[in-house]
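The values are calculated or read from the model by the stated rules, or taken from the named source; none is laboratory data. Quick caveat: nothing in here was measured; it's all calculated off a predicted structure. Here the Cβ is made from the backbone with ideal geometry for all residues, glycine too, and neighbour counts use every protein chain on show. Ligands, DNA and RNA are stripped out before the accessible areas are found, and what is left, the full protein with its side chains, is counted by its heavy atoms. Shrake-Rupley method; radii C 1.70, N 1.55, O 1.52, S 1.80 Å.
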Amino acid sequence: MKILELEYNSNSEKLFSVIADEPWSVFLDSGFPNIDKGRFDIITARPSVTLETYGKKTYIKSDADEAISEDDPFHLVRKNLGNKEDNLSGLPFCGGAIGYFSYDLSRRFENLPDKTEKKIDMPDMAIGIYDWSIIIDHHVKKSWLLSFNRFDSTKLIWHELNELFSNIPTEKVQSFSVNSKITSNLTKQDYVNAFKRIKEYIRNGDCYQVNFAQHFSAKFKGNTWAAYQMLRKYNPAPFSAFINIPSGTILSSSPERFLSLSNNQVETKPIKGTKHRSVFAYEDKELASLLLKSEKDRAENLMIVDLLRNDISKSCKLGSVKVPKLFSLETFSSVHHLVSTIRGSLAKNKDAIDLFRGCFPGGSITGAPKLRSMEIIEELERDKRSIYCGSIAYIGFDGNMDSNICIRTLIYCKNKIHFFVGGGIVWDSTVDAEYKECFHKASAILKIFEAKSK
């Protein structure tokens, strides 16, 4: 392994801006300095191998070869990661797989109806195999360029990478604009009708909870990196990411961890339960208190905790799955959330891919029971979700993993910007409250759109 220390800068934007416009550039963003608890930022680009899945076919490209496979996409990621290596650096990602797994990838292993329309022409899975990374540790205030040196191409560009990230030029001023009204694929009445149908399913015993979403879009012109910089300013979040692939760009300000795996220890942190924030401190404190006391939100959270306990148990040692935190309050720029923590120990015959595939997509953004909720989502939502409610993840050559749930996420494709907003509907839900909650969750994104509208 090669490790080279770089000059530390508290604003990782400056480092990433050097490669932000390159295809397959990635910035996994902890939200620091806007979020005090943010620690590690990860930057990389120029993958040695890329995997893009469309339907049943995965297109695999490297400098030496191109191939098309109909094998399980998760198994293809495992194959291209190769043999596990020891990571003695103590840092989270020194090379491996980074990219996204869209919500719609679940069709490869779940028998779901196909009723929704695909309006975003991007891969169901887009993964790069990266042989180098930059890690910025904001707690110890240090930065490093690292590599396992698996590929000859990395050895050839190592000096170039050192020069590139050691002499940061002044960042060019980039801009963007939103050139149309923001439109939803649902009217208020459409939402009400779907809400009533979900209530009927709950009454009839089909499900306990369904996460129902609407799709917003607008025409977009300009630089997506500039848009992300504004997004992280308005809505900083600990599991944010910017991923630039040839077919489009992902701009995520997700507050939610999906799964992490470090030294065989598993953690998932589902979010269920939301209250909007107030600019008045006394009212904001009262809203947080109401959320903590809400029986409806606690029951909703508990349903998903039970679902995820079952999901991670598929890959964990018998009896190791515990819930050390239930209904903790976490506060973000525009909302308060209830967050629970579930932990377990990975079974000896399992790896990160087994764990991820066994839990995907995350139960906090489907409902319970998961498969029936997904069938109802397919019936009532009009458009395929694409990256929304999927996951951005890294899986290292060392076997460690971290991942988010793709909520509060913008998708840029073919001169349009898209985002989805939803919420869990249970028996105690009221239609007006759920509809308003969608807009509370989207408030930071809408603020950006409105500021840049023409």
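Please work out if residue 84 is open to solvent by 50 Å² or more (accessible area, probe 1.4 Å), more than 16 Å from residue 98 (Cβ to Cβ), basic (Lys, Arg) and over 19 Å from the mean Cα position of the chain (by Cα). Judged against the criteria, residue 84 is a match.
The number of residues in region 197-233 that are assigned to a helix (DSSP H, G or I), within 26 Å of residue 297 (Cα to Cα) and either in contact (Cβ under 8 Å) with a residue 24 or more places away in the chain or among the hydrophobic types (A, V, I, L, M, F, W, C) (or both) comes to 6. Scoring residue 336 on the criteria (1) within 26 Å of residue 435 (Cα to Cα); (2) more than 21 Å from the chain's Cα centre (by Cα); (3) part of a strand (DSSP E or B) leaves a single failure, condition (2). Considering region 178-227, and only residues there that are closer than 16 Å to residue 367 by Cβ and among the β-branched types (Val, Ile, Thr), the residue that is surrounded by the most Cβ atoms within 10 Å (Cβ to Cβ) turns out to be 210.
Comparison of 175, 166 shows that the only residue that is in contact with a Gly (Cβ under 8 Å, 6 or more places away or on another chain), at pLDDT below 95, small (Gly, Ala, Ser) and open to solvent by 50 Å² or more (accessible area, probe 1.4 Å) is 175.
Quick check, is residue 68 in contact with a strand residue (DSSP E or B) (Cβ under 6 Å, 6 or more places away or on another chain), open to solvent by 70 Å² or more (accessible area, probe 1.4 Å) and hydrophobic (A, V, I, L, M, F, W, C)? In short, yes.
Taking region 248-304 as the region of interest, the strands (runs of 3 or more DSSP E) fully inside it that hold 3 or more residues being over 15 Å from residue 441 (Cα atoms) and either open to solvent by 20 Å² or more (accessible area, probe 1.4 Å) or aliphatic (A, V, I, L, M) (or both) are 257-262, 265-268. Among the candidates 269, 314, 325, 285, single out the residue that is touching a helix residue (DSSP H, G or I) at 6+ places or on another chain (Cβ under 6 Å) and of a type in the set (D, E, K, R). None of the others qualify; the one that does is 314.
Taking region 238-247 as the search range and keeping residues that are within 11 Å of the chain's Cα centre (by Cα) and not aromatic (Phe, Trp, Tyr), which one is most open to solvent (accessible area, probe 1.4 Å)?
Only one residue tops the list, namely 238.
For region 349-367, the tally of residues that are outside any helix (DSSP H, G or I), in contact (Cβ under 8 Å) with a residue 12 or more places away in the chain and open to solvent by 10 Å² or more (accessible area, probe 1.4 Å) stands at 2.
Considering 71, 86, which residue is without any contact (Cβ under 8 Å) to a residue 60 or more places away in the chain, farther than 21 Å from residue 244 by Cβ and not aliphatic (A, V, I, L, M)? Steps first, answer last, please.
On the way: 86 fails: without any contact (Cβ under 8 Å) to a residue 60 or more places away in the chain.
One residue alone meets the criteria, 71.
Considering only region 114-131, how many residues are open to solvent by less than 40 Å² (accessible area, probe 1.4 Å), out of contact with any Phe, Trp or Tyr (no Cβ under 6 Å at 6 or more places or on another chain) and not hydrophobic (A, V, I, L, M, F, W, C)? Step through it out loud before you land on a result.
So the first thing to find is which residues in region 114-131 are open to solvent by less than 40 Å² (accessible area, probe 1.4 Å), and the list is 116, 120, 122-131.
Restricting the remaining residues to those that are out of contact with any Phe, Trp or Tyr (no Cβ under 6 Å at 6 or more places or on another chain) gives 116, 120, 122, 124, 127, 129-130.
Next, from what is left, pick out any that are not hydrophobic (A, V, I, L, M, F, W, C): 116, 124, 130.
Residues flagged as open to solvent by less than 40 Å² (accessible area, probe 1.4 Å), out of contact with any Phe, Trp or Tyr (no Cβ under 6 Å at 6 or more places or on another chain) and not hydrophobic (A, V, I, L, M, F, W, C) within region 114-131 amount to 3.
Listed here are the residues, each with its yes/no results for (1) without any contact (Cβ under 8 Å) to a residue 60 or more places away in the chain; (2) farther than 24 Å from residue 230 by Cα; (3) among the basic types (Lys, Arg).
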residue	(1), (2), (3)
412	no, no, no
415	no, no, no
425	no, yes, no
433	yes, yes, no
441	no, no, yes
446	no, no, no
452	no, no, yes
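Among the residues of region 23-64, the ones that are open to solvent by 60 Å² or more (accessible area, probe 1.4 Å) and part of a loop (DSSP other than H, G, I, E, B) come to 10 in all.
Among the residues examined, residue 386 does not qualify as at pLDDT 95 or above and closer than 22 Å to residue 350 by Cβ. When 315, 320, 373, 345 are screened for being under 21 Å from the mean Cα position of the chain (by Cα) and of a type outside the set (D, E, K, R), only 373 passes. Taken over region 140-152, the criterion of being closer than 16 Å to residue 93 by Cβ, open to solvent by 10 Å² or more (accessible area, probe 1.4 Å) and at pLDDT 95 or above is satisfied by 142, 144. For region 329-348, the set of residues classified as touching a His at 6+ places or on another chain (Cβ under 9 Å) and either without any contact (Cβ under 8 Å) to a residue 24 or more places away in the chain or open to solvent by 30 Å² or more (accessible area, probe 1.4 Å) (or both) consists of 329, 330, 331, listed by residue number. Report whether or not residue 311 is surrounded by 15 or more Cβ atoms within 10 Å (Cβ to Cβ), in contact (Cβ under 8 Å) with a residue 40 or more places away in the chain and within 12 Å of residue 272 (Cα to Cα). No.
Kindly provide the set of residues from region 98-133 that are farther than 30 Å from residue 373 by Cα and in contact with a helix residue (DSSP H, G or I) (Cβ under 6 Å, 6 or more places away or on another chain), ordered by number. Residues satisfying the conditions are 129, 131, 132.
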